[in-house]
Amino acid sequence: MTGDQGDQHGQAATAGRRAALLRLGGLVLVFVTVAVGVQLSGWDGPQQLRETVEGAGPWGPVLYVLGYAALVLVPTPASVLTILAGALFGLLEGVLLAWLGALLGAVGGFAIGRRLGRPAVDRLLGGRLAQADRVLAHHGLPAVLAVRLVPVFPFTPLNYAAGLVGVKFRHYLLGSALGMLPGATAYAAVGASGANPLGIVVAVAGLVLLVVVGGWWGHRILRRQE
């Protein structure tokens, strides 16, 4: 490689890094702006969703699923939205609708992370995402299932992060669909219990059990894969 070619290669690399930085910075700015705007406006996403669903009649379940999927793209606790499903629709229907909304939101976050975040982050880190790629490519479905089984992992960041690394979409979709169902059931049970003290105690005990058993089983799944 001649000196001129080396200079051109260096300039191209610098330009690519600068473009990656701008794209990543723009993505972060959008999320920060949305989060700050929500806080300053005093807008309560779950409460607004509840009022919308209650006034929508037969379209309420559809609006709930779409609203859930949209709200988890910004900093909104998925657990609160799932509890709301139990309060609005009861246990069985609440679990189904919350699960559908969470799955739709998970796919949306994954798509945004993969389309916008991956190239920028990969360039900025000089390809150091390769290690995470190898781990997820090796574990695939069990890795996604393991983290979804433990409902203490932040839902929204996990969706975006999954899009940044090399997990296959079919593994992400199936692992999310299976792994989120127990958590959806436990949180919806909290909402469906209403003011019943016994129901609340049982639902909370189920959440604790889910964290403990889910964490143990998820760790076991990864150990088996190794």
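Every number here is computed from the coordinates shown, using simple stated rules; none is lab data. This is a predicted model, so every value here is computed, not measured. Cβ coordinates were reconstructed from backbone atoms using ideal geometry, including for glycine residues, and neighbour counts include every protein chain displayed.
Data for the structure
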quantity	calculated
Chain lengthening between E93 and E54 when straightened (0.36 nm per residue, less Cα-Cα)	12.5 nm
L178/V212 FRET efficiency (R0 30 Å; Cβ-Cβ; nearest 0.05)	0.95
Highest to lowest packing among 53-66, 173-186, 96-109, scored as the average C-beta count within 10 Å	96-109, 173-186, 53-66
